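The values are calculated or read from the model by the stated rules, or taken from the named source; none is laboratory data. None of these values were measured; they are calculated from a predicted model. Here the Cβ positions follow ideal geometry from the backbone for every residue, glycine too, while neighbour counts run over all protein chains shown. Ligands, DNA and RNA are stripped out before the accessible areas are found, and what is left, the full protein with its side chains, is counted by its heavy atoms. Shrake-Rupley method; radii C 1.70, N 1.55, O 1.52, S 1.80 Å.
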Amino acid sequence: MTHREMRFLDYRALGPTALLALLPLMLAGCGTDSARSGPAVRDSVGIQIVENTDYRWEDGKGWHLSESPILDIGVLDGDSSYQLYDVAAALKLSDGRIAVANAGTFELRFYDAGGQFQGSAGRKGGGPGEFESLLWMLALDGDTLLTYDWENRRVSIFDPHGGFVRAFTLQYLTETGGFPTYTAPFSDGSLLVATELFGSGASAMSTGVRRNSTLYVRCDTDGAVLDTLGRFPGAESYVKTDGEQVMGGPLALGRVSQAVVSGDFFYYGSSDSYEIRRYAKHGTLDRVIRRAHSNLPVTPEDTELYIKQQIEEWGEEGLPRQALELMFADMPFPEKMPAYREFRVDAEGNLWVQEYLRPSDDRPRWTVFDPEGAMLGEIEMPPRFEMFQIGSDFVLGLWRDDLDIEHVRIYELVKGS
């Protein structure tokens, strides 16, 4: 299974649905000046509730990206060291070098601060330092790199220059029957691991919509479980049975889960409503962040374009394409879209939330919340740009051109007017 196929399956969802209906409306009537003075903050049984109704950034004084990238790695023709395929992740290291998990060639690639290729590590296989399905890469302190091989259920550790150090298997996966959809380090080096759990038995294989569970645990860097943080509602999925054939995947425009680590905490939320919860690394809830928001209604145009886009991206000539068409033919669509897509945390501890857009909207937009939960403003990304990392003055991610050629790009993050 390729990384692109795994990305189709990497649907995540979890979170609470409780809302305060009256307070946001009351605050919205206070006027722009009052809203921009800050969110409404209160305590509820030791849990801080942060209600946002407007941006803190003044008009014209928010953050934005440079018009052109300050670094671009990726070519259509030429040196194969610069031809990227199925990039799973990319990171700017502390010395300015760029590490790229190029899943299509089963290797980690390293480029200097100017984008010049320096070397690679890894290859296809099941031995030490090899990969069968490179799904993600993250960095610990000191630029130690952790990678995850989904097919081998194995985490491999590399030094900052690609030297293989050791590997371990996430043993608990065999007990839960799932696979990690998110992993990230806390400040003490322990790892938050989210695992999508799937049902079993006849009910799990019957046609219909279901919502899986997501298990969150904290592991050490040998894969041993330190804490079980809990099970939460997971992603919405759809299963279709036709005789002996079973097809399934994410529910079209369905709810998805998100989580991201920030220091000794992790943010966790469902996309049912615009609510995000912050937990300590041991699983204690300490803050709830809300934004006055109405989920977009799903229109017939949205469903038609969504199906077309999914078939073009994942369908191939023959059975796979036909299977997708059959599945979408009977799949029910929700009345409203999720509240948001993904979470990121930047180098300064700000939370970035990707807004959920209509299928016709190709310009990703992210709303930024400061470390205290106040909503700062919105930043627009280039079309077809997938963000991997946010530094204090840069944004790094994957961009695809009109020919679907992959480029790792860095844009300057400009703060203020």
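Observations on the model:
- Selection count where residues are part of a loop (DSSP other than H, G, I, E, B) and either farther than 24 Å from Phe265 by Cβ or free of Cβ contacts under 8 Å to residues at least 24 places away in the same chain (or both), scope the stretch 330-344: 6
- Sub-7 Å Cβ pairs linking a first residue in the stretch 141-158 that is in contact (Cβ under 8 Å) with a residue 40 or more places away in the chain to a second residue that is part of a helix (DSSP H, G or I) and buried (at least 16 other Cβ atoms within 10 Å of the Cβ), at least 6 apart or interchain, are Trp150/Met6, ordered by first then second residue.
- Of all residues in the stretch 69-83, those satisfying the criterion of being in a loop (DSSP other than H, G, I, E, B) and small (Gly, Ala, Ser) are Gly74, Gly78.
- Test: residue in the stretch 162-176 that is at pLDDT below 90, within 30 Å of Pro332 (Cβ to Cβ) and within 20 Å of the chain's Cα centre (by Cα): no
- Yes/no for Val298 being touching a residue at least 24 places away in the same chain (Cβ under 8 Å) and touching a Phe, Trp or Tyr at 6+ places or on another chain (Cβ under 8 Å): yes
- Where Glu304 falls short, out of the listed (1) acidic (Asp, Glu); (2) open to solvent by 20 Å² or more (accessible area, probe 1.4 Å); (3) in contact with a Ser or Thr (Cβ under 9 Å, 6 or more places away or on another chain); (4) not in a strand (DSSP E or B): (3)
- Within the stretch 90-124, the residues that satisfy the criterion of being assigned to a strand (DSSP E or B), within 29 Å of Ser187 (Cα to Cα) and open to solvent by 50 Å² or more (accessible area, probe 1.4 Å) are Lys92, Ser120.
- Single condition Met327 does not satisfy, out of (1) closer than 29 Å to Phe388 by Cα; (2) buried (at least 17 other Cβ atoms within 10 Å of the Cβ); (3) in contact (Cβ under 8 Å) with a residue 40 or more places away in the chain; (4) in contact with a Lys or Arg (Cβ under 9 Å, 6 or more places away or on another chain): (1)
- Residue that is farthest from Ser187 (Cα to Cα) [pool: residues in the stretch 125-139 that are within 18 Å of the chain's Cα centre (by Cα) and open to solvent by 10 Å² or more (accessible area, probe 1.4 Å)]: Leu135
- Residues of the stretch 374-409 that are touching a Pro at 6+ places or on another chain (Cβ under 6 Å) and either open to solvent by less than 20 Å² (accessible area, probe 1.4 Å) or among the aromatic types (Phe, Trp, Tyr) (or both): Ala374, Met381.
- Test: residue in the stretch 401-411 that is closer than 25 Å to Leu253 by Cβ and among the aromatic types (Phe, Trp, Tyr): no
- Test result for Glu355, closer than 30 Å to Lys415 by Cα and not aromatic (Phe, Trp, Tyr): yes
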